[in-house]
1. Just checking, which of ARG127, ARG123 is in a loop (DSSP other than H, G, I, E, B) and modelled with pLDDT under 85?
2. Any residue in the stretch 128-151 that is touching a residue at least 60 places away in the same chain (Cβ under 8 Å) and either touching a Leu at 6+ places or on another chain (Cβ under 8 Å) or closer than 30 Å to THR42 by Cβ (or both)?
3. So which of ARG181, ARG191 is over 22 Å from the mean Cα position of the chain (by Cα), open to solvent by 70 Å² or more (accessible area, probe 1.4 Å), among the basic types (Lys, Arg) and over 24 Å from ILE118 (Cβ atoms)?
4. Just name the residue that is most open to solvent (accessible area, probe 1.4 Å) out of those in the stretch 130-151 that are part of a loop (DSSP other than H, G, I, E, B) and modelled with pLDDT of 95 or more.
5. So which residues in the stretch 103-115 are under 23 Å from ARG140 (Cβ atoms) and open to solvent by 20 Å² or more (accessible area, probe 1.4 Å), if there are any at all?
6. Mind checking whether some residue in the stretch 16-26 is open to solvent by less than 80 Å² (accessible area, probe 1.4 Å) and among the charged types (D, E, K, R)?
7. In this structure, does LEU90 turn out to be modelled with pLDDT of 95 or more, part of a helix (DSSP H, G or I) and in contact with a Lys or Arg (Cβ under 9 Å, 6 or more places away or on another chain)?
8. Could you list, in sequence order, all residues of the stretch 57-78 that are assigned to a helix (DSSP H, G or I), open to solvent by 40 Å² or more (accessible area, probe 1.4 Å) and free of Cβ contacts under 8 Å to residues at least 60 places away in the same chain?
Amino acid sequence: MPISLPMADGPPPERADAARNREIILAAALRLVETRGVDCVTMDTVASEAGVGKGTLFRRFESREGLMAAVLNTSETQWQASVISGPPPLGPGAPPMERLLAFGHSRLHANLMSASLIEAAGRAGQRSVAAMSFANMHVRYLLRELGVDGDLPLLATAILAPLELVVLEQQVERERIPVERLEAAWDDLVRRVVGH
């Protein structure tokens, strides 16, 4: 196995035990978020669930917001992995239209489920450019596979806009629009753009 040297201006390499602790902590925090909800997750409950001291959490993540941002990042990474290499229709192996519709439904649900996590992560929980770029790039790829022409980056942005959390919260929380109706409307938008 090749050994890579750290870059002069990069962070120091993570020790194996520190990396293991980080994974244990993040898995425990994600488990608590999924079973108890974000509001019930404190540094104390995560430390207890992970079997580490509370000081370890603060040294690693600095605050509850920092921990929630790391959990959000882990959740996003897992979701992206399911898009890249998970089972169809979200992952490879399904026809492009089927994948695109599955992508939209999955993103809609992921964003709604992550709403309180994003809020708990505070400023650090703002969607990264990388997460937005991933979604846009994937939609552009599927549109190209479907033979759509035109300005694909802008078409992808238009297709993704209804799946953004601020839009979903307005429609689901304030306007009380059922999620099934939002899914059907998104499918209709996609079919109009694609021309099917």
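The values are calculated or read from the model by the stated rules, or taken from the named source; none is laboratory data. The structure presented is a predicted model; accordingly, all values stated were derived computationally and were not measured. Reconstructed Cβ throughout: ideal geometry from the backbone, glycine too, with neighbour counts over all protein chains shown. Note: accessible area is taken over every heavy atom of the protein model, side chains too, but ligands, DNA and RNA are not part of it. Shrake-Rupley method; radii C 1.70, N 1.55, O 1.52, S 1.80 Å.
1. Numbers: ARG123 fails: in a loop (DSSP other than H, G, I, E, B).
ARG127 is the lone residue from the list that is in a loop (DSSP other than H, G, I, E, B) and modelled with pLDDT under 85.
2. So the first thing to find is which residues in the stretch 128-151 are touching a residue at least 60 places away in the same chain (Cβ under 8 Å), and the list is none.
Checking the stretch 128-151: not a single residue is touching a residue at least 60 places away in the same chain (Cβ under 8 Å) and either touching a Leu at 6+ places or on another chain (Cβ under 8 Å) or closer than 30 Å to THR42 by Cβ (or both).
3. The unique qualifying residue is ARG191.
4. Of all residues in the stretch 130-151, those part of a loop (DSSP other than H, G, I, E, B) come to 146-151.
Narrowing the set further to residues that are modelled with pLDDT of 95 or more leaves 146-148, 151.
Numbers: LEU146: 33, GLY147: 60, VAL148: 17, ASP151: 83 Å².
Step by step, filter the stretch 130-151, then rank; the result is ASP151.
5. HIS105, SER106, HIS109, ALA110, listed by residue number.
6. Applying the first criterion (open to solvent by less than 80 Å² (accessible area, probe 1.4 Å)) to the stretch 16-26 yields 16-19, 21-22, 24-26.
Subset that is among the charged types (D, E, K, R): 17, 22.
Yes, the stretch 16-26 contains a residue that is open to solvent by less than 80 Å² (accessible area, probe 1.4 Å) and among the charged types (D, E, K, R).
7. On the way: modelled with pLDDT of 95 or more: yes; part of a helix (DSSP H, G or I): no; in contact with a Lys or Arg (Cβ under 9 Å, 6 or more places away or on another chain): yes.
Against the criterion (modelled with pLDDT of 95 or more, part of a helix (DSSP H, G or I) and in contact with a Lys or Arg (Cβ under 9 Å, 6 or more places away or on another chain)), LEU90 does not qualify.
8. Of the residues in the stretch 57-78, the ones assigned to a helix (DSSP H, G or I) are 57-61, 64-78.
Still in the list and also open to solvent by 40 Å² or more (accessible area, probe 1.4 Å): 58-60, 64-65, 73, 77-78.
Listed by number, the residues that qualify are PHE58, ARG59, ARG60, ARG64, ASN73, THR77, GLN78.
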